[in-house]
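Colleague: Quick one: the structure is below, and I'll ask about it shortly.
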Amino acid sequence: MVASTPFGSSREVYEWLSGFVNLERGQSLKSFRLDRMNILAQKAGHPEKCAASIHVAGSKGKGSVTGMIAAILCAAGIKTARYSSPHVNDFRERLVMENDFFDEETYVAAGKELIGIVESLPSSPEAELFDPRSPNGEAPSFFELMTLWFFLCSRLARCSAMAVETGMGGRLDATKILDPAVSVITIIELEHTEYLGKTIAAISAEKAGIIKPGRPLVLAEQTGEALDVFREHTARKKSPLLYFPDCAGLENIRVSREGTSFTLVCRNETFNETLTDLFVSIPGEVQAYNAGLAVLALKTAFPRITEKSIREGLAGFTLPARFQRVSDTPHVIIDGAHTKRSIDTCLKTFTALYGVGGILVFGCAAGKDIVSMAELCVPCFSRIIITTPGTFKKSFPEEIHTAFIKAAQKLNPAPEILFIPDTAGAVKKTISMALELKLPVLGAGSFYLAAEISNFVPIKRTD
């Protein structure tokens with residue numbers, strides 16, 4: 001289908017997409033429904049069926065697991081597309097082919113298909129579903145169209161496999177139209193409670209929505225409350241459950257500034273072996289666990305994946321804003337951690353590698369557990385700068401500043417806490433202070449803040 005307004009570049013496609021209702025900025029309950037996505041996929045000729053796929057959901061680590069799966073498949077010579085969000089430096093990070101961007105021609109051609117589909121909606125039998133003026137209608141969302149754009153790109157590029165990360169939840173996520181060879185669910189935390197539910201059990205039920213009848217589920221270690229939900233869902237759908245603590249284990253985890261090495265011991269019926277001295281070029285114990293999930297999922301979906309491919313894929317894997325060192329003068333680390341558990345993990349890694357007493361620049365979107373994150377952060381730094389995490393999502397930096405001030409009042413001595421709402425000004429102040437005092441910097445709380453920092457900090461690496 002040819003668009004009446006052809007695109008000349010991938011940037012033009014993205015700018016057109018950005019004009020639609022953006023689920024990442026705010027949504028109504030009408031936004032969460034699969035009928036629209038199914039219709040869009042049908043009109044496109046079901047590009048989601050163009051290749052074998054692995055589907056990844058969860059509260060934390062799903063981006064890393066998705067990326068590791070794609071990296072290992074590429075190392076095995078399997079032409080693989082990867083879908084993840086959000087992006088940090090370039091919107092094309094969401095739609096990747098073989099550890100790089102798709103060809104520009106592919107983005108543009110897929111964009112033309114996409115706009116043609118959207119332009120056909122008003123005259124289709126399903127027009128009411130896509131009409132915001134209708135009581136039950138709403139325009140296609142940014143995420144729905146972005147997801148379809150990825151599938152169209154993957155089909156045009158003739159990929160052989162896809163590693164696909166959910167956007168939010170799972171049961172009503174646009175990516176659920178997949179029929180994956182295996183599903184993966186990472187750690188579950190309280191997140192997006194206004195949409196997914198206010199308990200671990202409720203959120204787990206939403207994530208469990210990606211489980212397909214008869215298809216295996218690889219599951220990260222969970223609390224008892226979450227595990228009960230996943231056991232019930234897999235039993236009801238007759239889906240084999242591969243619970244990581246029962247199927248595998250990690251030994252000899254060693255974290256350095258260059259990355260994480262570990263031994264993976266697998267004791268699954270079809271994959272019973274030990275892989276020693278694996279290495280991921282991202283620091284943090286959690287990355288060893290993410291790699292374990294990725295390997296277990298791959299050996300389930302692609303049993304012939306070799307140890308050589310696993311080693312090469314993991315060693316070459318990188319992902320923006322996952323404990324990413326963007327500067328050595330001064331040392332600047334950016335991390336998208338924005339929940340209590342992920343902040344705790346990030347802080348443990350940062351202080352182990354760079355010590356206590358550095359500088360934190362922090363900002364997060366509205367709806368996060370600010371109090372818990374503030375209480376974890378303030379003992380670890382001598383100076384803290386609170387700012388706005390960019391403009392992409394709603395945020396209340398004044399409330400964040402207040403929470404950090406209250407948390408600091410419990411300490412003696414307390415860190416110096418500055419409030420600089422302007423993101424650019426906050427980053428410039430942070431870097432100036434770090435250079436003067438020779439202190440390391442951590443930027444955390446939001447992927448969007450991480451993106452802002454990476455834009456302002458000149459990358460200076462000595463390795």
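Colleague: Considering only residues that are over 24 Å from the mean Cα position of the chain (by Cα) and closer than 25 Å to residue 215 by Cα, which ones fall in region 235-262?
Modeller: Of everything in region 235-262, those that are over 24 Å from the mean Cα position of the chain (by Cα) and closer than 25 Å to residue 215 by Cα turn out to be 235, 236, 237, 238, 239, 240, 246, 247.
Colleague: Turning to a different aspect of this structure: How about region 304-342: which of its residues are surrounded by fewer than 16 Cβ atoms within 10 Å (Cβ to Cβ) and either under 14 Å from residue 441 (Cα atoms) or among the polar types (S, T, N, Q) (or both)? Walk me through it before giving the result.
Modeller: Residues of region 304-342 that are surrounded by fewer than 16 Cβ atoms within 10 Å (Cβ to Cβ), as a first pass: 304, 306-308, 315-316, 318, 328-329.
If the condition is that a residue be surrounded by fewer than 16 Cβ atoms within 10 Å (Cβ to Cβ) and either under 14 Å from residue 441 (Cα atoms) or among the polar types (S, T, N, Q) (or both), then 306, 318, 328, 329 are the ones that fit.
Colleague: What number goes with the only condition from (1) in contact with a Ser or Thr (Cβ under 7 Å, 6 or more places away or on another chain); (2) modelled with pLDDT under 95 that residue 100 does not pass?
Modeller: (1)
Colleague: Could you check region 281-319 and list, in sequence order, the residues that are in a loop (DSSP other than H, G, I, E, B) and out of contact with any Ser or Thr (no Cβ under 7 Å at 6 or more places or on another chain)? Lay out the reasoning, then the answer.
Modeller: Looking only at region 281-319, we keep the residues that are in a loop (DSSP other than H, G, I, E, B), and these are 281-284, 302-306, 316-319.
Once the filter is applied, which keeps residues that are in a loop (DSSP other than H, G, I, E, B) and out of contact with any Ser or Thr (no Cβ under 7 Å at 6 or more places or on another chain), region 281-319 yields 302, 304, 305, 306, 316.
Colleague: Suppose we filter region 343-375 for residues that are more than 17 Å from residue 255 (Cα to Cα) and aromatic (Phe, Trp, Tyr); how many remain?
Modeller: Adding up the residues that qualify gives 1.
Colleague: Here's a follow-up. Just one of 339, 351 is touching a helix residue (DSSP H, G or I) at 6+ places or on another chain (Cβ under 6 Å) and in the same structural domain as residue 431 (by TED's automatic domain parsing); which is it?
Modeller: Working: 339 fails: touching a helix residue (DSSP H, G or I) at 6+ places or on another chain (Cβ under 6 Å).
Unique residue meeting the criteria: 351.
Colleague: Do we have any residue at all in region 379-386 that's of a type in the set (S, T, N, Q), under 23 Å from residue 331 (Cα atoms) and in contact with a Gly (Cβ under 8 Å, 6 or more places away or on another chain)? Please lay out each step first, then the result.
Modeller: In the first step, residues of region 379-386 are kept if they are of a type in the set (S, T, N, Q); the result is 382.
Then keep just the ones that are under 23 Å from residue 331 (Cα atoms); that gives 382.
Now narrow it down to the ones that are in contact with a Gly (Cβ under 8 Å, 6 or more places away or on another chain): 382.
Yes, because at least one residue in region 379-386 is of a type in the set (S, T, N, Q), under 23 Å from residue 331 (Cα atoms) and in contact with a Gly (Cβ under 8 Å, 6 or more places away or on another chain).
Colleague: Note down all Cβ pairs under 7 Å where the first residue falls in region 80-94 and is farther than 22 Å from residue 176 by Cβ, the second is assigned to a strand (DSSP E or B), and they're at least six residues apart or on different chains.
Modeller: 92/101
Colleague: Can you go through 224, 209, 197 and tell me which one is without any contact (Cβ under 8 Å) to a residue 12 or more places away in the chain and touching an Asp or Glu at 6+ places or on another chain (Cβ under 9 Å)? Spell out the reasoning first.
Modeller: On the way: 224 fails: touching an Asp or Glu at 6+ places or on another chain (Cβ under 9 Å); 209 fails: without any contact (Cβ under 8 Å) to a residue 12 or more places away in the chain.
197 is the lone residue from the list that is without any contact (Cβ under 8 Å) to a residue 12 or more places away in the chain and touching an Asp or Glu at 6+ places or on another chain (Cβ under 9 Å).
The values are calculated or read from the model by the stated rules, or taken from the named source; none is laboratory data. Everything numeric in this text was worked out from a predicted model, so none of it was measured. When we count neighbours, we look across all protein chains shown, and the Cβ atoms used for this are built from the backbone with ideal geometry, even at glycine.
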